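This report concerns only the one structure given below.
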Amino acid sequence: MTITPKFVRLFGPADGEIKVAVDIVPEAKYSFRIVDVSARIGKNIRTNLTEMKRADGIRYRLTVENIKKDKGRYTDTIILKTTSNLRPAIKIYVFGHIYIKKRE
(Lines give C-alpha, C1' and ligand atoms only; values in the text may rest on other atoms or scores of the structure.)
Protein backbone atom coordinates (compact mmCIF):
# COMPACT_ATOMS: atom_id res chain seq x y z
CA MET A 1 0.00 0.00 0.00
CA THR A 2 1.15 3.48 -0.83
CA ILE A 3 -0.05 6.61 1.00
CA THR A 4 1.02 9.97 -0.41
CA PRO A 5 1.60 12.17 1.56
CA LYS A 6 2.11 10.16 4.76
CA PHE A 7 0.54 12.89 6.93
CA VAL A 8 -1.56 16.02 6.38
CA ARG A 9 -0.26 19.50 7.12
CA LEU A 10 -2.88 22.25 6.94
CA PHE A 11 -1.15 25.63 7.09
CA GLY A 12 -2.66 28.93 6.08
CA PRO A 13 -4.89 31.90 6.85
CA ALA A 14 -8.18 31.39 8.69
CA ASP A 15 -10.14 33.11 5.91
CA GLY A 16 -8.64 30.96 3.13
CA GLU A 17 -9.47 27.54 1.76
CA ILE A 18 -6.93 25.03 3.04
CA LYS A 19 -7.16 21.50 1.60
CA VAL A 20 -4.82 18.58 1.15
CA ALA A 21 -5.44 15.47 -0.98
CA VAL A 22 -4.04 12.12 0.17
CA ASP A 23 -3.79 9.26 -2.33
CA ILE A 24 -4.15 5.71 -1.01
CA VAL A 25 -3.23 2.90 -3.40
CA PRO A 26 -3.65 -0.71 -2.27
CA GLU A 27 -1.18 -3.26 -3.62
CA ALA A 28 -2.72 -5.60 -6.20
CA LYS A 29 -1.95 -8.78 -4.23
CA TYR A 30 -3.21 -7.29 -0.91
CA SER A 31 -6.26 -5.48 -2.21
CA PHE A 32 -8.73 -3.97 0.22
CA ARG A 33 -11.61 -1.53 0.35
CA ILE A 34 -12.05 1.44 2.66
CA VAL A 35 -15.44 1.12 4.33
CA ASP A 36 -15.45 4.01 6.83
CA VAL A 37 -13.70 7.33 7.46
CA SER A 38 -13.71 9.04 10.83
CA ALA A 39 -11.65 11.61 12.71
CA ARG A 40 -10.63 11.08 16.30
CA ILE A 41 -11.62 14.68 17.24
CA GLY A 42 -13.08 16.04 14.02
CA LYS A 43 -14.00 19.56 15.11
CA ASN A 44 -11.38 21.36 12.96
CA ILE A 45 -11.42 19.27 9.78
CA ARG A 46 -13.81 17.92 7.16
CA THR A 47 -13.01 14.79 5.14
CA ASN A 48 -14.21 13.41 1.81
CA LEU A 49 -13.23 10.03 0.36
CA THR A 50 -13.44 9.30 -3.37
CA GLU A 51 -12.98 5.83 -4.85
CA MET A 52 -11.42 5.70 -8.32
CA LYS A 53 -11.60 2.47 -10.32
CA ARG A 54 -8.70 2.12 -12.72
CA ALA A 55 -7.32 -0.63 -14.94
CA ASP A 56 -4.63 -1.40 -12.34
CA GLY A 57 -7.12 -1.57 -9.43
CA ILE A 58 -8.91 0.70 -7.00
CA ARG A 59 -7.36 3.90 -5.71
CA TYR A 60 -8.68 6.28 -3.11
CA ARG A 61 -8.35 10.02 -2.72
CA LEU A 62 -8.97 11.42 0.74
CA THR A 63 -9.47 15.19 0.82
CA VAL A 64 -8.90 16.86 4.18
CA GLU A 65 -10.12 20.44 4.62
CA ASN A 66 -9.56 22.89 7.45
CA ILE A 67 -12.77 24.32 8.96
CA LYS A 68 -11.16 26.16 11.89
CA LYS A 69 -11.91 29.89 11.54
CA ASP A 70 -9.75 31.29 14.33
CA LYS A 71 -6.02 31.42 14.98
CA GLY A 72 -4.34 28.39 16.48
CA ARG A 73 -2.78 25.00 16.10
CA TYR A 74 -4.36 21.57 16.31
CA THR A 75 -3.71 17.91 15.72
CA ASP A 76 -6.09 15.12 14.81
CA THR A 77 -6.03 11.57 13.49
CA ILE A 78 -8.09 10.25 10.60
CA ILE A 79 -8.97 6.58 10.88
CA LEU A 80 -9.78 4.64 7.72
CA LYS A 81 -11.47 1.30 8.41
CA THR A 82 -10.68 -1.29 5.76
CA THR A 83 -11.65 -4.81 4.72
CA SER A 84 -8.03 -5.94 5.08
CA ASN A 85 -7.14 -8.61 7.62
CA LEU A 86 -3.54 -7.40 7.59
CA ARG A 87 -4.38 -3.75 8.25
CA PRO A 88 -8.00 -3.27 9.38
CA ALA A 89 -7.37 0.41 10.20
CA ILE A 90 -5.14 3.01 8.61
CA LYS A 91 -4.23 6.12 10.60
CA ILE A 92 -3.36 9.42 8.96
CA TYR A 93 -2.12 12.18 11.23
CA VAL A 94 -3.26 15.77 10.71
CA PHE A 95 -1.36 18.89 11.85
CA GLY A 96 -3.04 22.27 11.52
CA HIS A 97 -1.57 25.75 11.92
CA ILE A 98 -4.04 28.52 11.20
CA TYR A 99 -3.13 32.20 11.37
CA ILE A 100 -4.81 35.57 10.91
CA LYS A 101 -3.49 37.76 8.09
CA LYS A 102 -1.99 41.05 9.16
CA ARG A 103 -3.74 44.11 7.77
CA GLU A 104 -1.62 46.37 5.62
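The values are calculated or read from the model by the stated rules, or taken from the named source; none is laboratory data. Quick caveat, the model's predicted, so the values are computed rather than measured. For neighbour counting, all protein chains shown are included, and Cβ atoms are generated from backbone atoms with ideal geometry for every residue, glycine included. Surface areas here come from the heavy atoms of the whole protein model, side chains and all, with no ligands, DNA or RNA. Shrake-Rupley method; radii C 1.70, N 1.55, O 1.52, S 1.80 Å.
Quick notes
- Computed over the chain: relative contact order in percent, which uses C-alpha pairs under 8 Å that are six or more apart: 35
- About the Cα centre, charge dipole magnitude for the chain (Lys/Arg +1, Asp/Glu -1 at Cβ), debye: 220
- Percent carbon-and-sulfur accessible area, the chain, ignoring ligands, DNA and RNA, probe 1.4 Å: 48
- Overall form of the range 50-104 per C-alpha gyration tensor (a/c, 1.5; a/b vs b/c): oblate
- Selection from Phe95, Ile58, Ile79, by position along the positive dipole direction of the range 4-104 (Cβ): Phe95
- Cα gyration tensor shape of the range 4-53, rounded if a/c is under 1.5, else prolate or oblate by comparing a/b with b/c: prolate
- Inter-label distance, nm, simple model (7 Å from Cα along the C-beta direction), Lys102/Thr4: 3.7
- Rounded to the nearest 20 debye, the dipole size of the range 25-69 about its Cα centre is 220 debye, using +1 on the Cβ of Lys and Arg and -1 on the Cβ of Asp and Glu.
- Accessible-area order (highest first, 1.4 angstrom probe) of the listed residues Leu80, Leu49: Leu49, Leu80
- Each residue of the range 66-74 was assigned a 3J(HN,Hα) from its phi angle through the Karplus curve 6.51 cos²θ - 1.76 cosθ + 1.60 (θ = phi - 60°); the sequence is 6, 10, 6, 10, 10, 5, x, 10, 7 Hz, with glycine and proline shown as x.
- For the range 75-90, the Karplus equation 6.51 cos²θ - 1.76 cosθ + 1.60, evaluated at θ = phi - 60°, returns couplings of 10, 7, 9, 9, 10, 9, 7, 10, 8, 7, 6, 6, 9, x, 9, 10 Hz by residue, with Gly and Pro reported as x.
- For the chain, share of DSSP beta bridges that run antiparallel, in % to the nearest 5: 85
- Using a probe of 1.4 Å on the protein chains alone, the accessible area found for Arg33 is around 110 Å².
- Amide H to amide H distances under 5 Å link Ile67 with Ile45, Arg46, where only residues 5 or more positions off or on other chains count and H is placed in the peptide plane.
- Each 10 Å bin, from zero up to the one with the longest distance, holds this percent of the alpha carbon pairs of the chain: 15, 45, 26, 12, 3, 0.
- Solvent-accessible area per residue for the chain (1.4 angstrom probe, square angstrom): 68
- Rounded to whole Hz, the Karplus (6.51, -1.76, 1.60) HN-Hα couplings of the range 24-39, x for glycine and proline: 10, 10, x, 6, 4, 7, 10, 5, 8, 10, 8, 10, 7, 10, 9, 10
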